[in-house]
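K.L.:
To start, I am sharing the structure in question, which I have written as structure tokens.
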Amino acid sequence: MDLQEIMFYSFLSKKAHSLVKGLHLPIFSVQITMEEQPLICLRIRRSFIEFTLEMPENNENIMNLNDLPVSVGVKRGERELDGTREVESTLSTQRMTLREWIRHFGSLNINLFVYFDVGEIEFDVQNFRDTLPKVRSLSVTCWIDEPDENDILEAQNFLRPFLPDVQHLLLYSVPLQENLSLQHIGMTNVKILLLEYQRNVRFVDLCTCNVESCLISQRADQMSLVDLNRFFKLWIKGSNPKLKELFIEWETEIILDWNVLLKGLKAIDKEFEGEEETKLDSLMKNIDAILFKSISNEVKDLHWRGFA
């Protein structure tokens, strides 16, 4: 049986689901996106299978996890040399509630990714969290230009239930406040932290982070070279002992004053090759600047590469 047939088989009964779970399929990840039409995607080897749950309409834009989907769309994809081949179909709702769909797939793999958009849809986040096992990766996005207090509260509600367990966290322009700041997030068990266009990022807030890898993407007007210089000096002196990699990207149309950034620091120019170059290229595309520190035994150097 192929992946789609195996997934369809898992719906037949609890025993069938247990048998599929016992196969320990090489599922790379199970991704759950909570939006108006919730999406569940399984990725395995070069294939993926995606379930789109069309939920009943309501005037209050509130989603009930106990509601039955109206219909279920299925998209199966296979990566090939000339692109990705996709086939779409439909599936019966299996008379399963949204909560049961989430639990059904959430139990198949430990690499569980959850995606939230601030202002997209309202639902009981804690109830959603209790439906799942531990969530390894969490992404929260805010597309709202001027978020209000309700948006800030919603972002906090998305984050709080998951922070004790999540290891990979992506924040895209998410509004934070003092009662749940970057410092609070950094002191959790998050290992990889990605900050995309976060408002008011202060590098001093990263000085107490427990993360091992951090990627920050900012606009020019959101970045302070003086603050970054101060952070590097503290880092070299021993703050952030767990931090192994720091990648910083910012959009700018002017030539950066590297003297401000590197003041008081010993820097060397370095060419990237092999796995190191591949890793950077996979993390960054169309970048203006990358800065990172590497530590090897007793030597600590600041390596940088700039793009005009």
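K.L.:
Using the eigenvalues of the Cα gyration tensor, what equivalent ellipsoid semi-axes result for the range 81-171 when each is taken as the square root of five times the eigenvalue, whole Å, largest first?
P.N.:
Working: eigenvalues 131, 67, 50 Å².
Here the semi-axes work out to 26, 18, 16 Å.
K.L.:
While we're looking at this one, here's another question. Which whole-number percentage describes the relative contact order of the range 28-129, with Cα contacts under 8 Å and a sequence gap of 6 or more?
P.N.:
Numbers: 194 pairs, mean separation 33.0, N = 102.
The value is 32 percent.
K.L.:
If you put +1 on each Lys and Arg Cβ and -1 on each Asp and Glu Cβ, how big is the dipole of the range 1-143 around its Cα centre, in Debye rounded to 20? Don't skip to the answer; put the middle values down first.
P.N.:
Numbers: 16 positive and 20 negative charges, 200 e Å.
My answer is approximately 960 debye.
K.L.:
Using DSSP to call loops (not H, G, I, E or B), can you name the trypsin sites (Lys or Arg not before Pro) in the range 12-55 whose Cβ has at most 15 other Cβ atoms within 10 angstrom?
P.N.:
On the way: sites: K14, K15, K21, R43, R45, R46; in loops: R45, R46.
Those that pass, being in a loop and sparsely packed, are R45, R46.
K.L.:
Moving to a separate point now. Can you bin the range 25-134 into rounded, prolate or oblate? Criterion: square roots of the alpha carbon gyration tensor eigenvalues sorted a ≥ b ≥ c, rounded for a/c under 1.5, prolate for a/b above b/c, oblate for the rest.
P.N.:
Details: a/c = 1.89, a/b = 1.48, b/c = 1.28.
Prolate.
K.L.:
Using a Gaussian network model on the chain with a 10 Å cutoff between Cα atoms, which of I110, I49, I255 fluctuates the most?
P.N.:
Of I110, I49, I255, the Gaussian network model singles out I255 as fluctuating most.
K.L.:
Continuing with this model, one more query. From the cross-link list K15/K242; K21/K191; K21/K244, which pairs have alpha carbons spaced over 32 Å apart?
P.N.:
Numbers: K15/K242 44 Å; K21/K191 27 Å; K21/K244 35 Å.
Going by Cα-Cα distance, K15/K242; K21/K244 fall outside the 32 Å limit.
K.L.:
Where a ≥ b ≥ c are the square roots of the eigenvalues of the C-alpha gyration tensor, would you call the range 45-200 rounded, which needs a/c under 1.5, or, failing that, prolate if a/b is larger than b/c, or oblate?
P.N.:
On the way: a/c = 1.77, a/b = 1.40, b/c = 1.26.
Prolate shape, in that a/c is at least 1.5 and a/b is the bigger ratio.
K.L.:
About its Cα centre, how strong a charge dipole does the range 18-80 have in debye, to the nearest 20, once Lys and Arg get +1 and Asp and Glu get -1 at the Cβ? If you can, show how the numbers build up before the last one.
P.N.:
Details: 7 positive and 9 negative charges, 134 e Å.
Approximately 640 debye in magnitude.
K.L.:
Rounded to whole Hz and in sequence order, give me ³J(HN,Hα) for the range 140-149 from the Karplus expression 6.51 cos²θ - 1.76 cosθ + 1.60, θ = phi - 60°, writing x for Gly and Pro.
P.N.:
10, 10, 10, 8, 7, 5, 10, x, 9, 4
K.L.:
Which loop chymotrypsin sites (Phe, Trp or Tyr not before Pro) in the range 84-189, with loop taken from DSSP, have no more than 13 other Cβ atoms within 10 angstrom of their Cβ?
P.N.:
Details: sites: W101, F105, F113, Y115, F116, F123, F128, W143, F158, F162, Y172; in loops: F123, W143, F162.
Those satisfying the criteria are W143.
K.L.:
Another question, if that's okay. Filter the trypsin sites (Lys or Arg not before Pro) in the range 120-176 down to the DSSP loop ones having no more than 16 other Cβ atoms within 10 Å, then list what survives.
P.N.:
Numbers: sites: R129, K134, R136; in loops: K134, R136.
Passing sites in the range 120-176 are K134.
K.L.:
Also, quick follow-up: Quick one: work out the % antiparallel among DSSP beta bridges in the chain, nearest 5. Provide the component values of the computation, followed by the final result.
P.N.:
Values: 38 of 74 bridges.
Bridges in the chain are about 50 percent antiparallel.
K.L.:
Moving on to the next point. Name the residues whose placed amide hydrogens come within less than 5 Å of the amide hydrogen of N210, ignoring near sequence neighbours (fewer than 5 apart) on the same chain.
P.N.:
M187, T188
K.L.:
Sticking with this structure for a sec: Efficiency by 1/(1 + (r/R0)^6): what FRET value for K263 and T208, r their Cβ-Cβ distance, R0 = 35 Å, to the nearest 0.05? Before the final figure, lay out the partial values.
P.N.:
Details: r = 24 Å, r/R0 = 0.68.
So the FRET efficiency works out to roughly 0.90.
K.L.:
Then there is this: Can you tell which of I254, I102, I152 shows the greatest fluctuation in a Gaussian network model of the chain with Cα springs below 10 Å?
P.N.:
I254
K.L.:
Right, here's the next one. To the nearest 20 debye, what charge dipole does the chain have about its Cα centre, counting +1 at the Cβ of each Lys and Arg and -1 at the Cβ of each Asp and Glu? Walk me through the numbers on the way to the answer.
P.N.:
Numbers: 34 positive and 48 negative charges, 338 e Å.
I would put it at about 1620 debye.
K.L.:
While we're looking at this one, here's another question. Is the chain best put as rounded, prolate or oblate by its Cα gyration tensor, with a ≥ b ≥ c the root eigenvalues, rounded for a/c under 1.5, and otherwise prolate when a/b is larger than b/c, oblate when not?
P.N.:
Working: a/c = 2.25, a/b = 1.73, b/c = 1.30.
In terms of gyration-tensor shape, prolate.
K.L.:
Using 0.36 nm times the number of residues separating T97 and M1, minus their current alpha carbon distance, what extension gain do you get? Write down the numbers at each step before the final one.
P.N.:
Working: separation 96, 0.36 × 96 = 34.56 nm, distance 2.64 nm.
Length difference between fully extended and current span is 31.9 nm.
K.L.:
Quick one: if the Förster radius is 22 Å, what FRET efficiency do V70 and F11 give, using the C-beta to C-beta distance and rounding to 0.05? Don't skip to the end; give the middle numbers.
P.N.:
Working: r = 17 Å, r/R0 = 0.79.
For R0 = 22 Å, the calculated efficiency reads 0.80.
K.L.:
In addition: Can you tell me the relative contact order of the range 10-82? Whole percent, Cα pairs under 8 Å, sequence separation 6 or more.
P.N.:
Details: 102 pairs, mean separation 16.1, N = 73.
With pairs under 8 Å counted, the relative contact order is 22 percent.
K.L.:
If R0 is 51 Å, what FRET efficiency do you get for E80 and K134 from their C-beta distance, rounded to 0.05?
P.N.:
Values: r = 34 Å, r/R0 = 0.67.
The calculated FRET efficiency here is 0.90.
K.L.:
In addition: Name the residue from H168, N210, S139 whose Cα lies farthest towards the positive end of the charge dipole of the range 139-243, charges +1 on Cβ of Lys and Arg and -1 on Cβ of Asp and Glu.
P.N.:
Value: N210.
K.L.:
Given a cut-off of under 8 Å on Cα pairs at least six residues apart, what relative contact order in percent is computed for the chain? The partial results should precede the final answer.
P.N.:
Numbers: 556 pairs, mean separation 29.5, N = 308.
Over the chain, the number comes to 10 percent.
None of the figures in this text is laboratory data; all of them are computed from the coordinates on show. As the structure is a computational prediction, the values presented were derived from the model and not from experiment. Here Cβ is always computed from backbone atoms with ideal geometry, including for glycine, and neighbour counts include all displayed protein chains.
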